[in-house]
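First the structure, in the form of structure tokens, and then the observations on it.
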Amino acid sequence: MWRNRERGPLHHPEFTLLEWYRAEAPYEALMDDCGALIALAAQVAGATSFEFRGQICDPSADPQRITVAEAFDRYAGVDLMATIAADGAGDRDGLAARVAAAGIRVAEDDSWSDIFSRVIVERVEPALGSPRPSILCEYPVIEAALARPKPGDPRVAERFELYACGVELANAFGELTDPAEQRRRFEADMDEKARLYGERYPIDEDFLAALARMPPASGAALGFDRLVMLATGAARIDQVLWTPVAEPPPLSA
């Protein structure tokens, strides 16, 4: 994969993803897959534990499963679900007030998603994946554009992320295969992009047509390089890449 964004200990412009799907399978099956992959990576590397930035994880232990709402309450003292309407829309001001009361900075122009992401990064992620792997599940629908809603609670979706030592390793979905609902979400995203940036992109009609023929399925993408980094005790992702991209030269004055 290629992503021309930030680079650092956990990010690199070119990286390897392990992606797989399970037709007719619940997304909980992918949680079991992820736990097995972590244990296998440790076994191959001869590692009995993962260590990163002072955190230690037992890769052979069954992953802890915690919902996003539980994590917000436990690690930030924020009632997330009180800021999500029955149709899945986020109450920006309600979340901002709760997050500010918890001592987390909120900017005037932050959207609901901006505030949500800040809590995840500052309070939730550092607490996950130690002393055993963590599976953070049931993301708000507003943060899971490609995932189907959870049966019984349309405010949240069948999305989870896998963590070890505070490092995100995988992102997985119960795949949304309803083309009409997916179109509605794409159009809402483009409306927001037009509002913020004054531009829109065409909707991928081929993708929507393919969804209409796709069976119920669950899919996952796991950062292979990050898993290798933890299994081998490397400090930076570029230490385990086949061909790390050279740093760009500094701009001349």
| task | Could you tell me whether the stretch 135-143 includes any residue that is of a type in the set (S, T, Y) and in contact (Cβ under 8 Å) with a residue 12 or more places away in the chain? | result | yes
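From A76, A100, which residue is farther than 26 Å from R195 by Cα and either over 20 Å from the mean Cα position of the chain (by Cα) or outside the structural domain of L196 (by TED's automatic domain parsing) (or both)?
After applying the criteria, what remains is A76.
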| request: Could you figure out which of (1) farther than 21 Å from D189 by Cα; (2) among the charged types (D, E, K, R); (3) outside any loop (DSSP other than H, G, I, E, B) isn't true of R118? | output: (1)
| Looking at the stretch 144-189, which of its residues are in contact (Cβ under 8 Å) with a residue 60 or more places away in the chain and β-branched (V, I, T)? | V156, V167
| remark: Output for Cβ contacts, cut-off 7 Å, separation at least six or different chains, first residue closer than 19 Å to P59 by Cβ in the stretch 231-249, second aliphatic (A, V, I, L, M) and modelled with pLDDT under 90, reads T232/V240; A234/V240; I237/L10
| query | How many residues does the stretch 41-75 contain that are in a helix (DSSP H, G or I), touching a residue at least 60 places away in the same chain (Cβ under 8 Å) and exposed (fewer than 14 other Cβ atoms within 10 Å of the Cβ)? | reply | 1
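If you go through the stretch 121-129 one residue at a time, do you hit one that is more than 24 Å from L10 (Cβ to Cβ), surrounded by fewer than 22 Cβ atoms within 10 Å (Cβ to Cβ) and charged (D, E, K, R)? First the steps, then the outcome.
As a first pass, look at the stretch 121-129 and keep what is more than 24 Å from L10 (Cβ to Cβ): none.
Among the residues of the stretch 121-129, not one is more than 24 Å from L10 (Cβ to Cβ), surrounded by fewer than 22 Cβ atoms within 10 Å (Cβ to Cβ) and charged (D, E, K, R), which makes the answer no.
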| note | Of E14, E19, the only residue that is charged (D, E, K, R) and over 18 Å from the mean Cα position of the chain (by Cα) is E14
| Just wondering, is there one or more residues in the stretch 12-28 that are in a helix (DSSP H, G or I) and either at pLDDT 95 or above or not assigned by TED's automatic domain parsing to the domain that holds T232 (or both)? | yes
| message | Please determine whether any residue of the stretch 115-123 is assigned by TED's automatic domain parsing to the domain that holds D58 and touching a Pro at 6+ places or on another chain (Cβ under 6 Å). | response | no
| said: Return the residues of the stretch 175-205 that are surrounded by 12 or more Cβ atoms within 10 Å (Cβ to Cβ) and aromatic (F, W, Y); say none if nothing qualifies. | reply: F186
| note | The one condition M229 fails out of (1) assigned by TED's automatic domain parsing to the domain that holds Y21; (2) of a type in the set (A, V, I, L, M, F, W, C); (3) out of contact with any strand residue (DSSP E or B) (no Cβ under 9 Å at 6 or more places or on another chain) is (3)
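The values are calculated or read from the model by the stated rules, or taken from the named source; none is laboratory data. Treat the numbers as computed from the prediction; the structure is a model and nothing was measured. No Cβ is skipped: glycine too gets one built from the backbone with ideal geometry, and neighbour counts run over all protein chains shown.
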